[in-house]
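Here's the structure, in structure tokens; my notes come after.
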Amino acid sequence: MAKKKAKTRLRRWFPGRIRLSAVAGALLVFGALFAVIHASRVPEPRSSDHLRVALPPPPRPARLAEPAKSPPTSAPVQPAPAQPVAPSPVQPQSVPPGSSSELPAWRRFAAATPQAVEDRKLIAIVIDDMGVDRKRSQRAAALPAPLTLSWLPYAQDVGQQAAAARAAGHEILLHAPMQPQGHEDPGPGALLTSLSSDEIRRRLDADLDRLPEAVGLNNHEGSLFTRDARAMAPVIDELKRRGLLFLDSRTTGASIAADAARAAAVPYAVRDVFLDNVQTVEAVRAQLAEVEAIARRRGFAVAIGHPHDATIEALEPWLRGLPSRGFVQVPISAIVQHRIDHPSTASAAAPG
């Protein structure tokens, strides 16, 4: 009987115990899960003092140019006064090749000319035979500019010599070798009356190409060639095609070269005085006095000399004294321009 009661109590207690164990187990599981979840969370710091995390510095903004400060309205900035600029003596100005208003070569490569020429007489001094005697050619090129220096095409390094002289302010001519009346040798590649027009042109082209900054040419010798109209025709044609001028050295009174240039509308000038047929300082000074007399009478004069010692010695002080005597030294291109501007003076005072 006692065993039966104990079994009855056991049956009543055991199911309840099982239910309690299940509830407790469930609570334990939930508690464990809650602990795991809670442990996995990173607690947020309550202030920056508890946790500092090193972060990279923010990128520096690009530096902007500081705006220009505006002048105060109470004292406006006045523009600086323009500095006086001395008038440029260079004439004419160069124009880019290919332009419809391109100047002819004789003006484009003209040497600088003083602008203040009013009431002054113009004198151009031409020095022939440049380049072969390099020492004397350098002495001539060291004379006061602007001279007109005429270069023999067969001189060594003639292009470089002429370029240096032009950089010093002088004007450049080709001293074209031409056939003389007598037996003088004009040099290699001379223009001869026996040559065809095509050969004359070919030789002349080759000579001009050696002096790309020449304003034109004058004749070396040529007392026979310059009196031959057929021989001169291709020379004048080539000068016209290239836009160059012609200076007639007048090695003969029978020269038709200037007339041929005028008929073809090629700009030209004519020699008035030879300076050094007699190579002494006194003789050259006497010829320079004649140059002054022609310039006073007509308004301009053209003289031709050579790089001789006597010529250079006489020229240097004479050139420096020209302004005080009422003259202005100019290149041959200025004489040509003067003749164009004052045609009434072109035929006055025939050369001696």
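The values are calculated or read from the model by the stated rules, or taken from the named source; none is laboratory data. Computed from a predicted structure; not experimentally measured. Glycine gets a Cβ as well: all are built from the backbone with ideal geometry, and neighbour counts include every protein chain shown. Side chains are part of the model used for accessible areas, which takes the heavy atoms of the whole protein and leaves out ligands, DNA and RNA. Shrake-Rupley method; radii C 1.70, N 1.55, O 1.52, S 1.80 Å.
Quick one: Pro177 ticks every box in (1) touching a His at 6+ places or on another chain (Cβ under 6 Å); (2) open to solvent by 20 Å² or more (accessible area, probe 1.4 Å) except a single one, so which number is it?
(2) is the only condition that Pro177 fails.
Check His183 against each of (1) within 28 Å of Val273 (Cβ to Cβ); (2) open to solvent by 20 Å² or more (accessible area, probe 1.4 Å); (3) at pLDDT 95 or above; (4) outside any helix (DSSP H, G or I) and name the one condition it does not meet.
(3)
Please find, among Ala269, Ala214, the residue that is at pLDDT 95 or above, in contact with a strand residue (DSSP E or B) (Cβ under 9 Å, 6 or more places away or on another chain), buried (at least 22 other Cβ atoms within 10 Å of the Cβ) and in a loop (DSSP other than H, G, I, E, B).
Values: Ala269 fails: in a loop (DSSP other than H, G, I, E, B).
Within the list Ala269, Ala214, the selection yields Ala214.
In the list Glu292, Glu282, which residue meets the criterion of being open to solvent by less than 30 Å² (accessible area, probe 1.4 Å), modelled with pLDDT of 95 or more, farther than 21 Å from Leu174 by Cβ and of a type in the set (Asp, Glu)?
Details: Glu282 fails: open to solvent by less than 30 Å² (accessible area, probe 1.4 Å).
Result of the check over Glu292, Glu282: Glu292.
So Ser194 passes all but one of these: (1) assigned to a helix (DSSP H, G or I); (2) open to solvent by 10 Å² or more (accessible area, probe 1.4 Å). Which condition number does it fail?
(1)
Does the range 171-230 hold any residues that are under 17 Å from Ser249 (Cα atoms), touching a residue at least 40 places away in the same chain (Cβ under 8 Å) and acidic (Asp, Glu), and which are they?
Of everything in the range 171-230, those that are under 17 Å from Ser249 (Cα atoms), touching a residue at least 40 places away in the same chain (Cβ under 8 Å) and acidic (Asp, Glu) turn out to be Glu171, Glu221.
Those residues that are open to solvent by 20 Å² or more (accessible area, probe 1.4 Å), in a loop (DSSP other than H, G, I, E, B) and in contact with a strand residue (DSSP E or B) (Cβ under 8 Å, 6 or more places away or on another chain), I need them from the range 146-174; list them, please.
Matches in the range 146-174: Tyr154 only.
State the number of residues belonging to the range 217-232 that are under 34 Å from the mean Cα position of the chain (by Cα) and open to solvent by 10 Å² or more (accessible area, probe 1.4 Å).
Step one: of the range 217-232, the residues under 34 Å from the mean Cα position of the chain (by Cα) are 217-220.
Retained after the next criterion (residues that are open to solvent by 10 Å² or more (accessible area, probe 1.4 Å)): 220.
Qualifying residue count for the region: 1.
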